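This report concerns only the one structure given below.
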Amino acid sequence: MPQHTLPPVHNAPRTSAPRRAERATAWPVAIGTAARRAGISARMVRHYESLGLITGVARTDSGYRQYTEADVHALHFIRRARDLGFSMEEIAELLGLWHDRSRASSQVKRIAQAHIDDLNTRIAAMQAMQRTLQTLVSCCQGNDRPECPILDDLAKPAA
């Protein structure tokens, strides 16, 4: 089983001393630090928390959120899943499976395969749109005359 590691801190100075100091930062961390380490905005951290993807976040006496290393790791997981186009519902399910050490990998594969199938359907639909638009553009003279097959096609009643 591969080890999950935190992503590198973005926009960090290139010298090793500040990076060592940043790694040595005590946990928990404030929302800005957690967001930066996960590669997302603080707004998205709050959004994911409101959706229940991140739970049990501690707060200081004055109400500031405090994120653990595990929270930041989960935020990175969410960001990576979003980068791959998974829906929030799929991400919630994947997070649950990630935390469930007794899961079967077939459950994860089923979700990923369904997502691939959905992507293929969406890609095919977009390619059909592209072909239609290419045909319409090739039929349009693109001159100073008002006749335009693109607008004519858009104005057709639905079939």
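What follows draws every value from the coordinates through simple rules; no lab data is involved. Just so it is clear, the structure is predicted and the values come from calculations on it, not from any experiment. Ideal geometry is used to build each Cβ from the backbone, glycine not excepted, and the neighbour counts take in all protein chains shown.
In order along region 77-88, the phi-based Karplus estimate (6.51 cos²θ - 1.76 cosθ + 1.60, θ = phi - 60°) of 3J(HN,Hα) comes to 4, 4, 4, 5, 5, 5, 4, 8, x, 5, 6, 4 Hz; Gly and Pro are listed as x. Stretched out straight at 0.36 nm per residue, the stretch from Glu69 to Asp117 would grow longer than its current Cα-Cα span by 13.9 nm. Restricted to Cα atoms, region 16-103 shows a radius of gyration and a Dmax of 13.7, 41 angstrom. Dividing the convex hull volume of the alpha carbon atoms of region 60-156 by its residue count gives 199 Å³ per residue. Quick one: if the Förster radius is 30 Å, what FRET efficiency do Lys109 and Met44 give, using the C-beta to C-beta distance and rounding to 0.05? Plugging the Cβ-Cβ distance into 1/(1 + (r/R0)^6) gives 0.65. Dipole magnitude for region 16-103: about 400 debye, using +1 per Lys or Arg Cβ and -1 per Asp or Glu Cβ, origin at the Cα centre. Net charge near Met129, counting Lys/Arg +1 and Asp/Glu -1 over other residues with Cβ under 13 Å of its Cβ? Charge balance near Met129 sits at +1. For region 111-155, would you read off the P(r) tail past 16 Å as a percentage of all alpha carbon pairs? Tail of P(r) above 16 Å: 53 percent of Cα pairs.
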